[in-house]
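The values are calculated or read from the model by the stated rules, or taken from the named source; none is laboratory data. Owing to the predicted nature of the structure, the values given are computational and were not obtained by experimental measurement. In this analysis, Cβ positions are derived from the backbone assuming ideal geometry, glycine residues included, and neighbour counts consider all displayed protein chains. What goes into the accessible areas is simple: the full protein's heavy atoms, side chains included, and nothing from ligands, DNA or RNA. Shrake-Rupley method; radii C 1.70, N 1.55, O 1.52, S 1.80 Å.
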Amino acid sequence: MADGFAPLTFTPDVEAQTAAMWDKVKHHVTPMEWRLHAPLIAEINRLKREKNAVILAHNYMTPEIFHGVGDYVGDSLGLAREAARSDAAVIIQAGVHFMAETSKVLAPDKRVLIPDLLAGCSLASSITGADVRLIKQRYPGVPVVTYVNTTADVKAETDICCTSANAVQVVEWAAREWGVDKVILIPDEYLARNVARQTDVRIIAWAGRCEVHERFTAGDIADMRAAYPGAEILAHPECPAEILEAADFAGSTAAMNDYVALRKPRQVVLITECSMASNVQAESPGTQFIGPCNLCPHMKRISLQNIHDALVHDRYEVTVDPAIAARARLAVQRMIDLPPPAVPARYDLVKARHHVDVELI
Ligand code: 13P
Ligand code: SF4
């Protein structure tokens, strides 16, 4: 039963409408589960047309969301760009709360809904706007770069935002624009440490952590190498530096996707959230994806059922105080206006050049 409405059933029509999606998810979803997912997918796609809604789905969504109902799928940077240019009346954010806030900041006239208001993020909750005001008092004249994994309140105190796809580029841009040799990059300590290894700009960091990526250890990589000597290991920059040192490539979720699509490795390990591998696999049938698999409990709050209910009940609206949104928009728009980060021709060049420590606030 879909939230009090007539039960949605797996009819031949539903089966035909969702056949192409089934083909993409059939290695990750059982036929029995699909009989429950497919009617919801068909109904969500009908409701989207009726309500002029678009679903922006992050790479960490489960495969039935990612392949079944996502109109735009991608990394944080891609979703932010899409929110800015979408002409839909309603944006459903299949992701976490800071992403929905970013969409609202960039598209203030649109109705932005998140299917579960509790879909948070350990990085976003690690710092407040008041913290950033104190940091600015302590380091006057030093530009503040914040990761998009922050609340609008924090973005409003920021000079420019970045994502894991463009952090080095943004830090170097800020140092040039301000004519300084150091930049505040908050709140992800590990992203900051990893950026510091790829630039000559000195980095001032905050001790925020992603609860998913901080759990990986160098021992995990060593075990993978021993068990699968030929596998290529790709890691997200929210992981500790020792992981990136041991990996073959470091990049955002979109960069990992591009790596697999372009290089077509025989075996690959994605050191990031679990659903990422399932989603990439559909487009790369020749590659074998090997665990480990850490789940983000916040991303996993989003389901087909609550996306359906969001559309039916027009809930849960994400709002941002207009004065805060206007200031946050400057920081996000500055990032969006920079040229897209270059796709590296040789991925191994992306690895750390040198070891430089950060100044931890
Ligand atoms: P990206 O998709 O930008 O790589 O971010 C990963 C992440 O953890 C988002 O919450
Ligand atoms: Fe936040 Fe990490 Fe989850 Fe992304 S994966 S939403 S950074 S806790």
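Show me 125-131, 169-175 ranked by packing, highest mean number of other Cβ atoms within 10 Å first.
On the way: 125-131: 17.7, 169-175: 21.4.
Going from most to least packed, we get 169-175, 125-131.
Among bridges DSSP assigns within the chain, what percent are antiparallel (round to 5)? Working shown, then result.
Details: 1 of 35 bridges.
Bridges in the chain that DSSP calls antiparallel: roughly 5 percent.
What does the accessible area per residue of the chain come to in Å², with a 1.4 Å probe and no ligands, DNA or RNA counted?
On the way: 15120 Å² over 361 residues.
Heavy-atom SASA per residue in the chain reads 42 Å².
Work out, step by step, the length gained on full extension between ASP357 and ARG315: first 0.36 nm times the residue separation, then minus their alpha carbon distance; give nm to one decimal. Could the numbers behind the result be given before it?
Numbers: separation 42, 0.36 × 42 = 15.12 nm, distance 4.47 nm.
Full extension of this stretch gives 10.7 nm more.
Give the lysines reachable from LYS24 as a straight Cα distance under 30 Å; neighbours fewer than 8 places away on the same chain don't count.
Output for LYS24: LYS48, LYS51, LYS264, LYS300.
How big is the chain along each principal axis, measuring the range of its Cα positions in Å and listing the largest first?
63, 54, 30
Mind checking Rg over Rh on segment 132-241, alpha carbons, Kirkwood formula for Rh? Could you put the intermediate results ahead of the total?
Details: Rg = 15.6 Å, Rh = 14.9 Å.
Radius of gyration over Kirkwood radius for segment 132-241 works out to 1.05.
Enumerate cysteines in the chain without a disulfide-compatible partner, where compatibility requires another Cys Cβ under 4.7 angstrom.
CYS121, CYS161, CYS162, CYS210, CYS239, CYS296
In degrees, nearest 10, range 0 to 90: what is the angle between the Cα axis of helix 167-178 and the longest Cα principal axis of the chain?
With both axes taken from Cα atoms, the answer is about 40 degrees.
Could you give the distance between the Cα centres of segment 248-273 and segment 162-220, to the whole Å?
Answer, in whole Å: 20.
Dividing the convex hull volume of the alpha carbon atoms of segment 200-242 by its residue count, what do you get in Å³ per residue? Write out the running numbers ahead of the final one.
On the way: hull volume 4.2 nm³, N = 43.
With only Cα atoms used, segment 200-242 gives 97 Å³ per residue.
Can you work out the FRET efficiency for the pair ASP337 and THR128, with r the C-beta to C-beta distance and R0 = 41 Å, to the nearest 0.05?
Working: r = 27 Å, r/R0 = 0.65.
Once the sixth-power term is evaluated, E becomes 0.95.
Just tell me which lysines come within less than 23 Å, Cα to Cα, of LYS182; anything on the same chain fewer than 8 places away is out.
LYS136, LYS155, LYS351
For the chain, with a Gaussian network of springs between Cα atoms less than 10 Å apart, report the residue from HIS27, HIS213, HIS67 with the top mean-square fluctuation.
HIS27
For segment 171-316, what does the alpha-carbon gyration tensor say about shape, rounded, prolate or oblate, given a ≥ b ≥ c as the root eigenvalues, a/c under 1.5 as rounded, and a/b over b/c as prolate?
Values: a/c = 1.89, a/b = 1.15, b/c = 1.64.
Cα axes put segment 171-316 in the oblate bin.
Using a 1.4 angstrom probe on heavy atoms only, work out the carbon and sulfur share of the accessible area of segment 207-361 in %.
Values: 3810 of 7140 Å².
For segment 207-361, the apolar C and S fraction of the accessible surface comes to 53 percent.
Name the shape class, rounded, prolate or oblate, that the alpha-carbon gyration tensor gives for segment 91-152, where a ≥ b ≥ c are the square roots of its eigenvalues, rounded holds for a/c under 1.5, and otherwise prolate holds if a/b is larger than b/c and oblate otherwise. Let's see the in-between values first.
Details: a/c = 3.31, a/b = 1.96, b/c = 1.69.
In terms of gyration-tensor shape, prolate.
For a quick check, take a GNM of the chain with Cα springs below 10 Å and name the residue from PRO108, PRO229, PRO292 with the largest mean-square fluctuation.
Result for the chain, Cα springs under 10 Å: PRO229 fluctuates most.
Helix 31-51 versus the longest principal axis of the chain: what angle, 0 to 90°, nearest 10, using Cα atoms?
So the inclination is approximately 80 degrees.
Report the Cα centroid-to-centroid distance between segment 108-151 and segment 292-317 in angstrom, as an integer.
About 21 Å separates the Cα centre of segment 108-151 from the one of segment 292-317.
Over segment 1-85, what is the mean sequence separation of C-alpha contacts under 8 Å (at least six apart), divided by residue count, expressed as relative contact order in percent? Walk me through the numbers before you get to the answer.
Values: 75 pairs, mean separation 21.4, N = 85.
The value is 25 percent.
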